[in-house]
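*Asks:* The structure is given below, and queries will be raised subsequently.
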Amino acid sequence: MTSTQTLLAVRALDVQEPAIQTRYPEPFASMVRGRTKRRLGDAFDLNTFGVNLVRMAPGSVSSVPHHHSAEDEFVYVLTGTLVLATDESETTLLPGMCAGFKAGTRVAHQIRNLSDAEATFLEVGSRLDADEVEYPFHDLALKQDGEDWAFTHKDGKPY
């Protein structure tokens, strides 16, 4: 497809998984092994929000527990049984259930597949400039400035 062509519809599983599945530095990249994302929103060149089809192998996690300063997030479970872990509680998520995370609330969240079967969900997030991501339980921070992202230690030293 050339940049002048416009996709109107596509089968989600036909959107290729990117070769690089995470930007996390080690040891955090190892934490999300078994989680893959198909960037569905990118297939349509969406700019104001992103949509990912996330597949989670048994035992995998979606992310390092985190919260955003500017980005709202929403998830909708398609298949399998997942656990939404926040710094306040744990909730079992079944197909058809959804969860949302408002920017700035400072509630850290992570989705875990504790089952013996693969699970899938849709992940939707706003794409606002100058987002900052805090990882309250780890020595990790992420700042966004336009298109550029930078992972650092909490003291600002780069990874």
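*Asks:* Any idea which of Arg35, Arg23 is of a type in the set (Lys, Arg), out of contact with any helix residue (DSSP H, G or I) (no Cβ under 7 Å at 6 or more places or on another chain) and surrounded by 14 or more Cβ atoms within 10 Å (Cβ to Cβ)?
*Replies:* Testing whether each residue is of a type in the set (Lys, Arg), out of contact with any helix residue (DSSP H, G or I) (no Cβ under 7 Å at 6 or more places or on another chain) and surrounded by 14 or more Cβ atoms within 10 Å (Cβ to Cβ) leaves just Arg35.
*Asks:* Could we say that Val54 is modelled with pLDDT of 95 or more and in contact with a helix residue (DSSP H, G or I) (Cβ under 6 Å, 6 or more places away or on another chain) here?
*Replies:* Against the criterion (modelled with pLDDT of 95 or more and in contact with a helix residue (DSSP H, G or I) (Cβ under 6 Å, 6 or more places away or on another chain)), Val54 does not qualify.
*Asks:* Here's another thing I want to ask about it. What's the number of the condition Leu40 fails, among (1) buried (at least 19 other Cβ atoms within 10 Å of the Cβ); (2) within 14 Å of the chain's Cα centre (by Cα)?
*Replies:* (1)
*Asks:* Hand me the list of strands (runs of 3 or more DSSP E) wholly inside region 54-126 holding 3 or more residues that are of a type in the set (Val, Ile, Thr) and at negative phi.
*Replies:* Where strands (runs of 3 or more DSSP E) fall fully within region 54-126 and carry at least 3 residues being of a type in the set (Val, Ile, Thr) and at negative phi, they are 73-79.
Condition check ((1) closer than 21 Å to Val61 by Cβ; (2) under 17 Å from the mean Cα position of the chain (by Cα)) across all residues:
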residue	(1), (2)
Val83	yes, yes
Thr92	yes, no
Ala99	yes, yes
Thr120	yes, yes
Glu134	yes, yes
Leu140	yes, yes
Gln144	no, yes
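*Asks:* Now, a different point. If I filter region 131-143 for residues that are among the small types (Gly, Ala, Ser), closer than 21 Å to Met31 by Cβ and assigned to a strand (DSSP E or B), do I get at least one hit?
*Replies:* Yes, region 131-143 has at least one match.
The values are calculated or read from the model by the stated rules, or taken from the named source; none is laboratory data. All figures in this text were calculated on a predicted structure; none of them were measured in a lab. Reconstructed Cβ throughout: ideal geometry from the backbone, glycine too, with neighbour counts over all protein chains shown.
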